[in-house]
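One structure below.
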């Protein structure tokens, strides 16, 4: 292979690793929608964001369309419960 081909492959692998979190969310939504059509009903994808070790994780989930579950928010918790509507 030529050097240019290796650079292109490296770039795609680097980009895939950089966006792995968003990729996992999109993949989860795709699986949930498929299960909705074939097996059972689901409306929300939920996560518990660990803010004790990384406060930036909350911004990541908000960027990907998650909103906090207000009734579950508590200052003493080390995680924040978030949800994303599968169809929005």
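Numbers below:
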{"read-out": "Residues that are touching a residue at least 40 places away in the same chain (Cβ under 8 Å) and either more than 13 Å from the chain's Cα centre (by Cα) or assigned to a loop (DSSP other than H, G, I, E, B) (or both), drawn from the stretch 33-54", "value": "33, 36, 42, 43"}
{"read-out": "The listed residue being part of a helix (DSSP H, G or I), modelled with pLDDT of 85 or more and in contact with a helix residue (DSSP H, G or I) (Cβ under 9 Å, 6 or more places away or on another chain), out of 61, 23", "value": "61"}
{"read-out": "Residues of the stretch 73-87 satisfying the condition of being under 18 Å from residue 43 (Cα atoms) and either in contact with a helix residue (DSSP H, G or I) (Cβ under 9 Å, 6 or more places away or on another chain) or at pLDDT below 80 (or both)", "value": "81, 82, 84, 86, 87"}
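The values are calculated or read from the model by the stated rules, or taken from the named source; none is laboratory data. Small disclaimer: the values here were computed from a predicted structure and weren't measured. Here the Cβ is made from the backbone with ideal geometry for all residues, glycine too, and neighbour counts use every protein chain on show.
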